[in-house]
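Taking it in order: structure first as structure tokens, then the write-up.
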Amino acid sequence: MVLAAGLGTRLKPLTDSMPKALVPIAGKTLLEWQLEKLRAAGIQDVVINVHHFAEQIEEFVRTHEAFGMDIQFSDERDLLLETGGGLRKAAALLGSEEPVLVCNVDVLSNICLEDLIAAHDAKSLSTIVVSKRETQRYFLFDESGRLKGWTNRKTGEVRPTGLNTNGLSKLAFSGMHVVSPEIFEVMKPYPDKFSITDFYIEQCNKHVIKSYVPTDYRMMDIGKIDSLQEAERFARTL
């Protein structure tokens, strides 16, 4: 699943007239970068969630004959559901038999998707791609790589409240994860709109959620208008 419904506010003024997914980087749209990487890994069935300028994304995919893939759209025009709610709404399109790879449309990386998919244990609710990069917010993992909580380095906040962070590793979420089909049952009590980060924090002591740290990982979140030139250079190295 490609999460492409966001408003792209940090990429204004470009996103005043187009969705974030269609912002061009090094001769391709962000959506093209994601779809080509998925196709190269042998993935043919894709769901894209849409909200902001949804019709532009749909038309772009149609014009390109779905890039030779089977692409469906999860329509969030009426309400933007965030990363957790968007995944759950797409459940019927994603099916209940196989794990689902989820990625953000605006994150480029050199990750080997085949290795990530192979690393996912069906006994885990989710396998989340993380790294040691500098940021303010971190997931916290024990020695076995199991998620135990979350912290904001700037504010000192720790979740769950009272968690002993001694011995836990701080790793930054990349926005990519592989989820087992059972996750949709766990999500049922949640409201329509919720964050996948909040969901993982709340569920990590009830279900196994594991880390995946790619080898020689390089990634870039294309989140700000002043980062586009850097993004052009980065994309050409992939």
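Here, each number is a calculation from the coordinates, and none is a lab measurement. Just so we're clear, the structure is a prediction, and the values are computed from it rather than from any experiment. With ideal geometry, Cβ positions are generated from the backbone for all residues, glycine too; neighbour counts draw on all protein chains shown.
General observations
- The fewest-to-most ranking of Ile209, Ile43, Ile201 by surrounding Cβ atoms within 10 Å reads Ile43, Ile201, Ile209.
- Each Lys and Arg contributes +1 and each Asp and Glu -1, all at the Cβ; summed about the Cα centre of the chain, the dipole is approximately 940 debye.
- Arg236/Leu80 FRET efficiency (R0 22 Å; Cβ-Cβ; nearest 0.05): 0.10
- Sorting the segments 165-173, 20-28, 4-12, 58-66 by their residues' average number of neighbouring beta-carbon atoms within 10 angstrom, most packed first, yields 4-12, 20-28, 165-173, 58-66.
- DSSP beta bridges in the chain [antiparallel fraction, %, rounded to 5]: 65 percent
- The calculated FRET efficiency for Ala40 paired with Glu98, based on their beta-carbon distance and R0 = 30 Å, is about 0.95.
- GNM top mover of Cys204, Cys103, Cys112 - the chain, alpha-carbon springs below 10 Å: Cys112
- When the square roots of the Cα gyration tensor eigenvalues are ordered a ≥ b ≥ c, the ratio a/c for the stretch 1-146 is 1.5 or more and a/b exceeds b/c, which makes its shape prolate.
- Taking the alpha carbon gyration tensor of the stretch 173-226, multiplying each eigenvalue by 5 and rooting it gives semi-axes of 25, 17, 9 Å, largest first.
- Expected 222 nm ellipticity per residue - DSSP helices of 4 or more, -39500 (n - 2.57), all of the chain, to 500: -6500 deg cm²/dmol
- Dipole-positive endmost among Thr83, Asn166, Leu93 within the chain (Cβ charges, Cα centre): Asn166
- To the nearest ten degrees, helix 54-63 and the longest principal axis of the Cα atoms of the chain are 60 degrees apart.
- Note on the stretch 88-238: the C-alpha convex hull projects to 10.2 nm² when averaged across all orientations.
- Proximity of backbone amide H atoms, modeled 1.01 Å from N, is registered between Val105 and Leu3 at under 5 Å, excluding neighbours fewer than 5 places apart on the same chain.
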